[in-house]
Structure formats: C-alpha cells, structure tokens
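Working notes, beginning with the structure itself.
The values are calculated or read from the model by the stated rules, or taken from the named source; none is laboratory data. As the structure is a prediction and not an experimental result, all values here were calculated from the model. For neighbour counting, all protein chains shown are included, and Cβ atoms are generated from backbone atoms with ideal geometry for every residue, glycine included. Just so you know, the surface numbers come from the protein's heavy atoms only, side chains and all, with ligands and any DNA or RNA stripped out. Shrake-Rupley method; radii C 1.70, N 1.55, O 1.52, S 1.80 Å.
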Amino acid sequence: AQSVTQLDSQVPVFEEAPVELRCNYSSSVSVYLFWYVQYPNQGLQLLLKYLSGSTLVKGINGFEAEFNKSQTSFHLRKPSVHISDTAEYFCAVTSFGGGADGLTFGKGTHLIIQP
Amino acid sequence: GAGVSQSPSNKVTEKGKDVELRCDPISGHTALYWYRQSLGQGLEFLIYFQGNSAPDKSGLPSDRFSAERTGGSVSTLTIQRTQQEDSAVYLCASSATGSGTDTQYFGPGTRLTVL
C-alpha cells in the first residue's frame, strides 16, 4: 500500500517570489512519482514525473522537483511564480506495476499567488 | 489530437436514482482509469481497464458501483440507487499502455450532485 502526504493545504506567495510545495510518500515497494496541476474549472494536467536517473526533474511552466529517496520526499519548486500559477497541485505515486494500482494522490496544495 | 472526453459535464439526480457516466479515452490508449474527487476524500482511484480484459473491481466504493468498457474503448461508470455521499467529481483518465511509467491523461470530469 502507498500513501502521499502534502504537508500544506494552502500556500500563499507573492508574485515573482520562489515557492516550494512539499510532498512525502510512504510505500513498501518502489514507486514512480508525479506532480499534477488542476487549474480552476479544468482537468488534471501533468507537470512532471520522476521515473529513474537524475533526481532533479524539470517540468512544464518552469517547475522542477527533486526526488530524495532517504527522506521519501518529492518537493516541487519554482524560482519565480506568476499569477497564472494559481491552481491546485497534487503529488501522486504509482507502483512499478502501474496500471492496476492506479495513482495514489495527496490531498492537494492550493497555491495562491498574491500580486 | 482530441483528449479524454467525459459526459455529461454535470449531473443532478435525486437520491435513489441510477446514473451513468461516460468516458471516451484518447484513441489508441489501451489503459483506462476512473477516479473520484470529493472534498472529504480527495482523489480516489476506483477502477482500471486494460483493453478488453475484465477489471479488478475491488477499488469500487460499494456494490452499487459498476463499470464496463465496450470494445476496448468507451467506458461507462454506473451508480445504482445513488446516495448523497456519492456526490463528487468523477474523473476518467487514459494512458498508452498502462505501464507505471505512462502519463495518465485526464478528462474534465463529471460533477455529480445527489439531492
């Protein structure tokens, strides 16, 4: 079984400031890690994913995330946020077998950009 | 190309009625997933289809829920004798092969309200 914890339900940040959204996971098996974004009244869209190799993963819209196996974390960062980044961000994991296990999501973090 | 489509976008029903939710995956994707997004439970994985194979139904919340996938393409999620706790957004996703490395592409969802 897997679980994902997103430590902050809301993160307010001023425009052009850096941001970090935290994600920790727990699993008895090896997992792949994902960050999805949900803009207001839209579906979920993949930001980035970690499968293997370099622990620093770059995604769309200037976001990046770092996989830390010892701390079982996959925190999402952006050096300078914009108003358009206002959205709900979800961290998710799936087992190497994928498919039948589906994605296990965290509760989400609402990123609020203040002008 | 076309993404995952779902219909209807909104459904309001009375307690005790049956509802059917439809999902059209991306053409050529063999894997199809259903999720439920609610305020209390967050995003929950419900069921996975791989091509025409029979799915594992163990993730469905109760025996009032059923799902089928015809011809390895379109899927229908049926909820019988709806209850107020079934109110949620039902999301469908598809991926190319069902591997854990695949990106799951999500539809816009069906918002179900049970009065």
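Taking a straight line from the alpha carbon of residue A:49, these aspartates and glutamates sit under 13 Å away, with near neighbours fewer than eight places off in the same chain left out: A:64, A:66, B:102.
Taking N as the residue count of the protein assembly as shown, its C-alpha radius of gyration divided by 2.2 N^0.38 Å amounts to 1.02.
Here's the picture: charge each Lys and Arg Cβ at +1 and each Asp and Glu Cβ at -1 in chain B, and of B:53, B:25, B:97 the one pushed furthest to the positive end of that dipole is B:25. Got a number for carbon plus sulfur as a percent of segment A:2-114's accessible area, 1.4 Å probe? Ligands and nucleic acids excluded, carbon and sulfur reach 50 percent. Charging the Cβ of each Asp and Glu at -1 and of each Lys and Arg at +1, and nothing else, the dipole of the protein assembly as shown about its Cα centre rounds to 200 debye. Per residue, the accessible area of segment B:15-98 comes to 45 Å² when a 1.4 Å probe rolls over the protein heavy atoms. Contact order, relative form, for segment B:1-71: 20 percent (alpha carbon pairs under 8 Å, 6 or more residues apart, mean separation divided by residue count).
With the biggest extent put first, the Cα atoms of segment A:2-114 measure 40, 29, 22 Å across the principal axes.
Checked against a 26 Å cut-off, the cross-linked pairs A:78/A:107; B:17/B:57; A:58/B:57 give Cα-Cα distances beyond that limit for A:58/B:57. For trypsin sites (Lys or Arg not before Pro), the sites in segment A:1-107 that DSSP calls loop and that have at most 11 other Cβ atoms within 10 Å are A:69. Expressed as a whole percent, the accessible surface of chain B that belongs to carbon and sulfur atoms is 45, based on a 1.4 Å probe. For the pair segment A:76-115 and segment B:45-115, the centres of their Cα atoms are 21 angstrom apart. Rolling a 1.4 Å probe across the protein heavy atoms gives chain A an accessible surface of 47 Å² per residue. Basic side chains Lys and Arg get +1 at the Cβ, acidic Asp and Glu get -1 at the Cβ, and with that the dipole of segment B:15-98 about its Cα centre reaches some 100 debye. Taking both sides together, the accessible area buried where B meets A is about 1500 Å² for a 1.4 Å probe. Shielding by partners for peptide A:46-59, expressed as the average number of C-beta atoms from other protein chains within 10 Å of each residue's C-beta, is 1.
Buried on complex formation within segment B:39-71 (loss of at least 30 square angstrom of accessible surface versus the isolated chain, 1.4 Å probe, ligands and nucleic acids ignored): B:43, B:45, B:48.
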